[in-house]
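The values are calculated or read from the model by the stated rules, or taken from the named source; none is laboratory data. Quick caveat: nothing in here was measured; it's all calculated off a predicted structure. Here the Cβ positions follow ideal geometry from the backbone for every residue, glycine too, while neighbour counts run over all protein chains shown.
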Amino acid sequence: MGEIMKTMAANWGIVLGGMGMVIMTTVSFYMITAYTPTFGKEVLKLSSIDTLVVTVCIGLSNLIWLPLAGALSDRIGRRPVLLAFTILTIITAYPALQWLVAEPSFARLLAVELWLSFLYGSYNGAMVVALTEVMPVEVRTAGFSLAYSLATTIGGFTPAISTLLIHTTGNKAAPGLFLGVAAICGLIATLVLYRTPESRDQYRTA
């Protein structure tokens, strides 16, 4: 145990970077699943049936994109997939929610949530494997678990943070800004962990 802790301490930067990658995943997941019923009903004033149908569709969508993105990252590498979907999230998350809250409807909620599901599923399909690869072999299980657990602690508060942002700013699209910040964390972490061609090759062959 002592040796593992020493190795973890020596690789704290990788664990922190892994945590940055996972934050994007956990915030996205909780926003499109746990927060969707509350957002749809309490903020957009849609029916419970509408929000339930959307939530079910999100689950089905996630099942499609996760394996496809994982397979894509096997072919072209983790870095391009992670960068593409963090950047897409940064660019589109807030505008998508602005479009939704401008004229709330079942169709718009479904469209926006399916888009966010596409971003989440595609990013996470590559991220889970990437997080495993970047961890040193001797602490791979502990490092993966620590990075994921710390990020989940933050992401788990997404519904509460989203509600607080709407309450304090009066902007119903404010959760999109929080998702954008999470995506920035994922982008920075990816750029740091995959900053050189050598590191990319090392992770792919670890």
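Please list, ordered by first then second residue, the pairs with beta carbon atoms under 8 Å, 6 or more apart or interchain, first in the range 99-116 and more than 15 Å from ILE49 (Cβ to Cβ), second of a type in the set (Gly, Ala, Ser) and not in a helix (DSSP H, G or I).
LEU100/ALA173; VAL101/ALA173
Looking at the range 27-50 only, could you name the residues that are within 21 Å of the chain's Cα centre (by Cα) and either within 20 Å of ALA107 (Cβ to Cβ) or not aliphatic (A, V, I, L, M) (or both)?
Once the filter is applied, which keeps residues that are within 21 Å of the chain's Cα centre (by Cα) and either within 20 Å of ALA107 (Cβ to Cβ) or not aliphatic (A, V, I, L, M) (or both), the range 27-50 yields SER28, PHE29, TYR30, MET31, ILE32, THR33, TYR35, THR36, PRO37, THR38, PHE39, GLY40.
Select from the range 104-121 the residues that are of a type in the set (Ser, Thr, Tyr) and buried (at least 24 other Cβ atoms within 10 Å of the Cβ) and list them in ascending order.
Residues satisfying the conditions are SER117, TYR120.
I'm trying to understand the selection: among the residues of the range 152-173, which are of a type in the set (Gly, Ala, Ser) and either over 20 Å from GLU103 (Cα atoms) or free of Cβ contacts under 8 Å to residues at least 40 places away in the same chain (or both)?
Selection gives GLY155, GLY156, ALA160, GLY170.
Give all pairs with beta carbons closer than 6 Å in which a residue from the range 44-69 that is more than 21 Å from GLN98 (Cα to Cα) and in a helix (DSSP H, G or I) meets a residue that is modelled with pLDDT of 95 or more and among the hydroxyl-bearing types (Ser, Thr, Tyr); count only pairs at least 6 apart in sequence or on separate chains.
Qualifying pairs under 6 Å: SER61/SER117; ASN62/SER117; TRP65/SER122; ALA69/SER122.
Does the range 93-105 contain any residue that is modelled with pLDDT of 95 or more, under 15 Å from LEU179 (Cα atoms) and of a type in the set (D, E, K, R)?
No; the residues of the range 93-105 include none that is modelled with pLDDT of 95 or more, under 15 Å from LEU179 (Cα atoms) and of a type in the set (D, E, K, R).
Given the structure, is VAL139 under 21 Å from the mean Cα position of the chain (by Cα), at pLDDT below 95 and either surrounded by fewer than 24 Cβ atoms within 10 Å (Cβ to Cβ) or of a type outside the set (A, V, I, L, M) (or both)?
So VAL139 fails the test.
From the list LEU131, LEU146, LEU88, pick out the single residue that is touching a residue at least 60 places away in the same chain (Cβ under 8 Å) and surrounded by fewer than 23 Cβ atoms within 10 Å (Cβ to Cβ).
Step by step, each of LEU131, LEU146, LEU88 is checked, and only LEU146 is touching a residue at least 60 places away in the same chain (Cβ under 8 Å) and surrounded by fewer than 23 Cβ atoms within 10 Å (Cβ to Cβ).
Restricting attention to helices (runs of 4 or more DSSP H) lying wholly within the range 90-204, give those where 3 or more residues are closer than 20 Å to LEU66 by Cβ.
Those helices (runs of 4 or more DSSP H) span 106-134, 140-155, 175-193.
Out of all the residues in the range 49-65, which are surrounded by fewer than 18 Cβ atoms within 10 Å (Cβ to Cβ) and either under 30 Å from VAL192 (Cα atoms) or in contact with a Cys (Cβ under 6 Å, 6 or more places away or on another chain) (or both)?
Hits for the range 49-65 are LEU63, ILE64.
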